[in-house]
Each structure stands twice: as C-alpha cells, then as structure tokens.
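Okay, here's the structure, questions in a sec.
The values are calculated or read from the model by the stated rules, or taken from the named source; none is laboratory data. Source: prediction; values computed, not measured. Glycine also receives a Cβ, built like all others from the backbone with ideal geometry; neighbour counts cover every protein chain displayed. Just the protein is used for accessible areas: all its heavy atoms, side chains included, with ligands, DNA and RNA removed. Shrake-Rupley method; radii C 1.70, N 1.55, O 1.52, S 1.80 Å.
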Amino acid sequence: MLARARRRHPITFRSVHALDIFDLARVNLTSPAVLAFVLGALSVAIRSDLRLPEAVYQFLSIYLLFAVGLKGGVALSAASPGEVLGPAFAAIMLSAAIPLAAYPTVRLLGRLRIQDAASIAAHYGSVSVVTYTAAAAYLARIGEPVEAFLPALLALMEMPGIIVALVIAQWRLGTSSGLGEAVRETMTGRSVVLLGGGLIIGLLAGTDGVGPVRPLFVDLFAGVLVLFLLDLGISAAQRARDVLRGGRFLVAFGITAPLVFGTVGAFTGTLVGLSPGGATVLATLSASASYIAAPAAVRIALPEANPGLSLAAALAITFPFNLVVGIPVYHQVAQWLHRLPFLAG
Amino acid sequence: MATVPMTLLTIVAEEVLEQRLVRALHDAGIAGYTVTPARGEGARGLRHGANGANIRLETITTTEAADGLLDHLRAHYFANYAIVAWLSDVRVAREEKYQPEHR
C-alpha cells in the first residue's frame, strides 16, 4: 500500500530541495481537514450561523479518541514489546520534561502569574489527539511509513505533563489542595478512558476481532476528522479576542514552543530508533498542546488560572500553526536528523 | 390538587463542575435534580465546543436548603468559574418529594 501511495505522489522524499518543501506544503494546505479548519474560522469571521450542536462535538471527540485508541491497540497486538519499550519511555519523559521548560519560560519571559504559567505548561505538556491524527494523515498522504504502535505513545503522553505542571504550581503556590482530584479527574476523564480503553480493546480483539467494526472506526475516520476540524476552526476563531488580550508574548510562545519541543521530539525519536515518519509523529506530539484533557484538569486544580489564555495559545495559535506549518517542518527535521550517522545507526 | 410553595434553584455553570455540583446537592440531602446542556455568552466569553460547554442544573427544594447551596457556590465557585445561579418561587404538588433528607 505504501509503495502505491508513493507512486501516486511523484515527490522525492529523501531530499530537501526547496521545491519539495513547496510541494509538501501544497499537499498539506489542500487537505480537506486543513481547509475545513479554515472554513470554520472563516464562518466566525463572516458571522455565519454555522455551529455544530454541542452533542455532536462531544460525539465527534469520543469517536476520534476511541478510534485512535482502537487502531493503536490492534497495532500493539502485532508489535514486539522490545520495539515499543524505548519509544514509550521516551514519550513519557518528553511529556514530563516539557512543562519543566515551558513553565519558567512563560513565567519569566511572559511575566504571567504562577497559575497561568502552570496552566499553559500543563496544556503543552499534554498532547492533542487531532494534531496527532493530522500528522498521521499527512504522512500517509505523502507516503511516509510510520510505526503502527504510535497511538500508544499518544495515550502515554496525555497525563505526565499535566501532573508535572500541577505539581510545579503547588510547589510555587505553597498549597496542597486539588492535585489528587485533578489527577483523578484526568485519569477518569474521557480522553484517557477512551484512548486507553480503545487501546486495550484493540489489543484484546486483535486484527481479526476488530475486522467487523473497521468500516466505522477506520474507513470513516478521515471524514469524521474533517467535521471535527470544522468545529475546531469555529472554537479557535472564537478565541481570537483572547489571543489579542494575551499579547505578543502569547503569540510568540504559541509558535516558538512547538518548534522547539517539536525539534527535541524529533531528535529524541530518532535517538530511540523511530523511523523518520515515527520521529515526525513524536515531534508532533511533543509540539502539540492539549485542549481536551488539560483544560478539564486545570479547571479543577487551578481555578484561578485564566482558561482563556491557555486555550487561546493551544487552540488558536499552536494548533493551526502545527496543522499548517509545524507538521511538514517536523518531517523535514526528522529526515535531516536521520541522515546524521551518529544519531540513527 | 393542592399545591404548596417551594424554591427552585437554577445553576448555569461550566460542564466541568457538574459532578461536584451534584455532590454538593447530595451532601445537602437533595436526591433529585435535572441537568440539561446549555450554551450562551457571559463575562467569561462564548462557551461552546472545545471552548467548554455549559450545563443548566435545576432542583426544587426548601428555601433553607437552596440558600445553603448558594452559600456553598459563593464559597467555592463564584470567584473563579463561569457560573450563575438564582432562586425562584414555584408551587408544587407532592411537596414531600422535595424535602431534603437530613443526615
């Protein structure tokens, strides 16, 4: 299948000529998912009455989380533990380390309050499922193969960053309330339950067991993602005012942070033996910011944090940046790192 | 059918508070309530989709219990969350249904 995809897209993948980058940018910018996000944002700008019902938004997010988990579980059932262990450890470490870098940056350079700095650190420490699926879709479109167990890394990276950021906040604020409840909230929240539950179901059912439900959870996935992105475009555009309020620092952070964390993720991924495609996905996961799991946990543990700031950064700046610019860039970086002889043996 | 006056407590709040608000009702001895999804705009901006949804929680109880719950909301949620709450006078049949259980 990969060979067929490569034939269909006559682009050279092993070189980084300027033309290739433009071609890749074109492939990315004309994907229905990216265009649907733009349409959603435009609909807010022209004051259209377009809005998905709340229940539909909930349904789409449940579907995406469960489908990603299920696919990952099936892949995990075919993978050997040895090949997953290194990348899994790297994913957890990355997620835990990102808030350690993000918090002081936001606190010192952005001069935001402890609560807001920790909230932003939690959002960036956790991951965005949709950014992950956009990266997977992009790599599939250009014919770059990836390890099938990557959704397991996604599930592993949901929690650690949130916990580290909340512990930083408690330490700086000198309080000890709310962390336990926030951890419980995240553990029992829909993103962990659906991703983790889907993984286990996929693992137990295996390729044959999941066969009958493939039409719903695999074949329809790309289309459902387009609808979800339409709604995310609306939500992101509604945050535009918060972006303006957040000022230049928020915009600069929302663009610089994913580039830095993405590069670190690509480096780490290459180091632990992931393919260029796999390293691109780990880079994307490191670069992405959560807007499902993190906001819920932070609302409980840090009620004084302004949710507008972290959501504006995660949803209105970093998410579209990753979608349009970030993913192709991380792919280039991963390919480049792979040619360094001392990194990828 | 004879009706008696009771108090309707209505809370519109961010969805993330639902479980905690329900716990507060149970702690006040209130067994029944209704939750419906809600959307709208307020001091904390438009609330929809990824920006966070709202719920509307309603319960009928005694004025004392409703006042106690408003105090609870004031102590814990009014300052930091998207939340509004109000009391209204209503008339109900079967008043025993709405008496809080004392624990």
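Can you give me the accessible area per residue for chain B, using a 1.4 Å probe, in Å²?
Accessible surface, normalised per residue, equals 55 Å².
Going by accessible area, probe 1.4 Å, with all protein chains left in place, what is the ranking of B:Arg91, A:Arg184, A:Arg299, largest first?
Sorted by accessible area, descending: B:Arg91, A:Arg184, A:Arg299.
Here's a follow-up. Let me know the Rg and Dmax you get for segment A:249-312 when you use only its Cα atoms, in Å.
Spelled out, the Cα radius of gyration and Dmax of segment A:249-312 are 14.3, 42 Å.
Quick check: the angle from helix A:129-142's long axis to the longest principal axis of chain A, C-alpha only, nearest 10 degrees?
The angle comes out at about 20 degrees.
Extension gain B:Thr36-B:Asp67, at 0.36 nm per residue separation less the Cα-Cα distance, in nm?
Here the segment from B:Thr36 to B:Asp67 would lengthen by 9.0 nm.
For chain A, what is the mean residue ellipticity at 222 nm derived from helices alone (per DSSP H run of n ≥ 4: -39500 (n - 2.57); sum divided by total residues; nearest 500 deg cm²/dmol)?
The helix-only estimate for chain A comes to -23500 deg cm²/dmol at 222 nm.
Oh, and also: In Å², and per residue, what accessible area does segment A:55-344 have when probed at 1.4 Å with the other protein chains present?
Ligands and nucleic acids excluded, the figure is 36 Å² per residue.
If we count every other residue with Cβ under 15 angstrom of A:Phe249's Cβ, Lys/Arg +1 and Asp/Glu -1, where does the sum land?
Cβ neighbours under 15 Å give a net charge of +3.
Please report the carbon-and-sulfur percent of the accessible area for segment B:4-103; probe 1.4 Å, protein heavy atoms only, DNA, RNA and ligands left out.
Using a 1.4 Å probe with all protein chains present, segment B:4-103 comes out at 49 percent carbon and sulfur.
Magnitude of the Cβ-charge dipole of segment A:55-344, K/R +1 and D/E -1, about the Cα centre, nearest 20 debye?
Charge dipole, segment A:55-344, about its Cα centre: 720 debye, nearest 20.
What residues does segment A:300-341 have that are buried by at least 20 Å² of accessible area in the full protein assembly compared to the chain on its own, 1.4 angstrom probe?
Buried by the other chains: A:Ile300, A:Pro303, A:Glu304, A:Leu311.
While we're here: Using a probe of 1.4 angstrom, how much of the accessible area of segment A:203-345 is carbon and sulfur, in percent?
For segment A:203-345, the apolar C and S fraction of the accessible surface comes to 71 percent.
Could you calculate, for segment A:46-172, the ratio of the Cα radius of gyration to the Kirkwood radius, expressed as Rg to Rh?
On the Cα set of segment A:46-172, Rg over Rh gives 1.06.
While we're here: Just report the Cα centroid separation between segment A:298-345 and segment A:155-204, whole Å.
19
Just give the residues from segment B:21-43 buried by at least 20 square angstrom of accessible area in the all-chains context relative to the isolated chain, probe 1.4 Å, and say none if nothing qualifies.
Residues losing area: B:Arg23, B:Arg39.
Also, I was wondering about something else. Return the tail of the calculated pair distribution for the protein assembly as shown, meaning the percent of Cα-Cα pairs more than 43 Å apart.
More than 43 Å apart: 17 percent of the Cα pairs in the protein assembly as shown.
If Lys and Arg each add +1 and Asp and Glu each add -1, what is the summed charge of the other residues whose beta carbon sits under 15 Å from the beta carbon of A:Val74?
Once all neighbours under 15 Å are counted, the net charge is -1.
Give the B-A buried accessible area in Å², both sides summed, 1.4 Å probe, nearest 100.
1800
On to the next question. Only Lys, Arg, Asp and Glu count, each charged at its Cβ (+1, +1, -1, -1), so figure out the dipole size of chain B about its Cα centre, rounded to 20 debye.
Roughly 240 debye, rounded to the nearest 20.
Can you tell which of A:Ile234, A:Ser31, A:Gly180 lies farthest toward the positive end of the dipole of the protein assembly as shown, using +1 and -1 charges on the Cβ of basic and acidic side chains (Lys, Arg; Asp, Glu)?
Highest projection toward the positive end goes to A:Ser31.
Same structure again: Per residue of chain B, what 222 nm ellipticity follows from adding -39500 (n - 2.57) for every DSSP H run with n ≥ 4, rounded to the nearest 500?
Helix contribution divided over all residues of chain B: -7000 deg cm²/dmol.
Among residues other than A:Leu195 whose Cβ falls under 12 Å from its Cβ, what is the net charge (Lys/Arg +1, Asp/Glu -1)?
In short, +1.
Separate question: Considering the dipole of segment A:55-344 built from charges on the beta carbon (Lys and Arg +1, Asp and Glu -1) around the Cα centre, which of A:Leu156, A:Gly86, A:Tyr291 is farthest to its positive end?
A:Tyr291
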